[in-house]
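Written below as structure tokens is the structure these notes are about.
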Amino acid sequence: MNMVTPPAKDDKIRCDACPVMCYIKPGMMGACDRYANHDGELVRLDPHVILDRTVEQGGKLVPFHASSDWDGKLVHGSETFVTAIGAGTTYPDYKPAPFIVSSTVDGVDMVTVVTEGIFSYCGVKIKIDTDRFLGPERNLVRADGEPVGHVTTGEYGSQMLTLGGVHHLTGGSKKEGRVTCETLLDLANGKAVELQIDDGAKVVVQAGKAPIVNDVQEHLMRVGCGSATIGMFAKQWHGKVDEVVVVDDHITGVLSEHQAGKMLGIPETGIKMKGRRSTPGRYFQVAEPGTGWGGTNISDPLTILAPFDAKVAKPGLRLLMVSTTGEHYGYYELDEALRPVEKDLPPNLRQSVERIQENCEPALCTVLFMGGAGGSLRAGVTENPVGLTQSVKKALTHVTCGGAPVYVWPGGGITFMVDVTRVPENAFGYVPTPALVAPIEFTLPLADYAALGGHMDHVRPLSSLADGNKLAHQRGNVRVTTQNAESTPK
Ligand code: SF4
């Protein structure tokens with residue numbers, strides 16, 4: 001390591017990689033489990049990860065927009081990319097980033113500045129694919145009884161949560177900060193976390209896995225709202241049934257009234273819906289939100305129907321009621337008193353219900369880590385920090401998180417989001433300030449780096465990394481440690 005590690009009394013050494021400034025005894029680790037005192041030397045415990053990009057991105061690729069003439073090979077030569085994972089931190093950030101590595105890509109001298117940033121105000125955005133009602137918007141989300149975030153919006157069959165951020169990490173009690181940090185870390189590293197929403201559901205969230213709501217594993221993400229479902233499948237119902245109601249907490253659809261039904265010439269059926277009519281065949285608020293049919297609180301879909309209009313409805317009228325995932329369905333025929341009587345689903349309608357299910361995608365939890373590299377971290381990259389921000393905004397500097405692509409928000413600072421499932425495993429760490437530690441890399445042409453006021457005297461060639469450093473190559477999901485001769489203190 002290049003870190004300054006002043007000797008201390010009784011062989012302890014001081015870690016200066018974060019504000020905690022641990023004194024670490026020989027053979028022991030610091031408070032974050034990331035650094036240790038190994039025979040009097042401060043060492044980063046995890047190997048530094050480099051990526052074999054071509055393989056990591058799926059293997060055999062034929063470039064579509066090759067930056068140079070095609071060399072006749074089906075598989076393009078792999079590029080090595082230095083991530084910040086395991087690289088270590090510099091604190092305070094006026095010191096150059098731990099590794100500033102030069103390499104040549106397609107004949108251009110590039111530099112990648114890597115550091116494990118300490119993100120004191122970071123958070124995660126979670127998208128949970130479920131129709132089930134998780135809790136009222138703005139209500140607190142708790143982990144281990146502590147408030148760690150809140151419910152934001154429901155959008156397109158997914159429920160959004162926002163966890164972390166400055167107020168939970170630093171603005172509450174010590175325990176709130178610690179639990180929030182732990183929750184964010186587990187989510188970012190792909191572990192399952194149990195969350196309880198005030199006046200709502202208990203939900204187990206794990207990136208890339210189906211959510212578990214109140215101990216029930218979700219399977220399908222809705223095909224669309226009730227109105228969209230009518231649009232998608234109206235033709236398949238035509239001639240096989242007289243009326244279809246797609247029950248949905250957002251927009252419940254009614255075939256005969258819907259524009260799709262009108263275009264197919266489906267006649268009126270005399271159906272009367274409860275709820276608030278939006279436009280023809282589209283109803284809001286047919287029931288309360290819940291964990292029943294289509295994200296409503298109902299288990300009997302007939303409760304959303306008012307009596308049929310006797311002037312229009314006829315005995316024997318065939319009615320299909322189905323949810324937006326096809327998981328709930330019922331088939332009814334009107335009796336002489338125009339009351340729906342449940343019957344077995346005819347085989348020719350079973351196929352259309354199965355088609356709804358088939359068109360649903362698997363329900364997943366998506367976890368986006370959100371951090372801001374707009375603060376002092378930039379000073380570890382350049383002597384003129386605003387230049388880095390401007391360079392990122394002009395797309396001259398490419399930002400990645402553990403080698404994964406990020407979305408950089410417009411506006412001030414370098415606020416980015418990354419899908420944690422695209423980051424190599426266990427890439428995130430923490431320090432007990434509390435804050436998360438996340439890898440971040442800035443890649444740009446060497447000439448631009450010099451013009452930015454970059455720390456040119458700290459630029460080292462890629463080949464120098466192999467000397468004396470623990471390195472791990474990441475190929476797909478497999479991490480291969482290529483040099484790790486030293487024992488790891490525990
Ligand atoms: S918490 Fe970790 S990074 Fe911070 S000083 Fe202690 S050992 Fe170093």
Check your understanding: Where only protein heavy atoms count, and the probe is 1.4 Å, what is the accessible area per residue for the chain in Å²?
Key -> 46
Point to revise | Charge context of THR291, other residues only, Cβ under 12 angstrom, K/R +1, D/E -1 | key: -4
Check your understanding: Taking the Cα-to-Cβ direction at ALA306 and at GLN285 and moving 7 Å from each Cα, how far apart do the two end points lie in nm?
Key -> 1.5
**Study point:** Distance between modelled label sites at GLU41 and SER376, nm, 7 Å Cα→Cβ extension
**Key:** 2.8
Exercise for review: Could you compute the FRET efficiency for LEU396 and THR421, with r as their C-beta to C-beta distance and R0 at 35 Å, rounded to 0.05?
Suggested key: 0.80
Practice item. Just add up the charged neighbours of PHE428: K/R +1, D/E -1, any other residue whose Cβ is under 14 Å from the Cβ of PHE428. Key: -4
Review point. Just how much of GLU268 is accessible, in Å², when a 1.4 Å probe is used and the result is rounded to the nearest 10?
Key: 130
**Study point:** Karplus-derived 3J(HN,Hα), 6.51/-1.76/1.60, for each residue of the stretch 347-361, Hz, glycine and proline x
**Key:** x, 6, 8, 4, 4, 6, 5, 5, 5, 4, 4, 5, 7, 7, 8
Point to revise | Total charge dipole magnitude, the chain, about the Cα centre, Cβ charges on Lys, Arg, Asp, Glu only, Debye to nearest 20 | key: 460
**Study point:** Portion, in percent, of the accessible area of the chain that falls on carbon or sulfur, probe 1.4 Å
**Key:** 52
Review point. With a sphere of radius 12 Å drawn around the Cβ of PRO315, what net charge do the other residues whose Cβ falls strictly inside it have (Lys, Arg +1; Asp, Glu -1)?
Key: -1
Point to revise | Fraction of beta bridges assigned by DSSP in the chain that are antiparallel (%, nearest 5) | key: 90
Exercise for review: Kindly state, to the nearest 0.05, the FRET efficiency for LEU338 paired with ASP144, given R0 = 60 Å and r defined as their beta-carbon distance.
Suggested key: 0.65
**Study point:** Cleavage-rule hits (trypsin sites (Lys or Arg not before Pro)) in the stretch 290-371: DSSP loop, at most 15 neighbouring Cβ within 10 angstrom
**Key:** LYS311
Practice item. Mind grabbing the accessible area of SER102 for me, 1.4 Å probe, Å², rounded to tens? Key: 30
Review point. Pulled fully out, how much extra length does the chain show between ALA451 and ASP11, if you take 0.36 nm times their separation in residues and subtract their Cα-Cα distance?
Key: 154.1 nm
Exercise for review: For the chain, find the longest principal axis of its Cα atoms and tell me its angle to the long axis of helix 174-188, 0 to 90°, nearest 10.
Suggested key: 80
Point to revise | Calculated from backbone phi, Karplus (6.51, -1.76, 1.60) coupling profile of the stretch 112-128 in Hz, x at Gly/Pro | key: 10, 9, 10, 7, 8, x, 9, 10, 7, 10, 6, x, 10, 9, 10, 10, 10
Check your understanding: Given a Förster radius of 22 Å and the C-beta distance between TYR23 and GLU383 as r, what FRET efficiency does 1/(1 + (r/R0)^6) yield to the nearest 0.05?
Key -> 0.10
**Study point:** Value of [θ]222 nm, deg cm²/dmol, for the chain, DSSP H segments ≥ 4, -39500 (n - 2.57) each, nearest 500
**Key:** -4000 deg cm²/dmol
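The values are calculated or read from the model by the stated rules, or taken from the named source; none is laboratory data. Small disclaimer: the values here were computed from a predicted structure and weren't measured. With ideal geometry, Cβ positions are generated from the backbone for all residues, glycine too; neighbour counts draw on all protein chains shown. Side chains included, ligands, DNA and RNA excluded: accessible areas come from the protein's heavy atoms. Shrake-Rupley method; radii C 1.70, N 1.55, O 1.52, S 1.80 Å.
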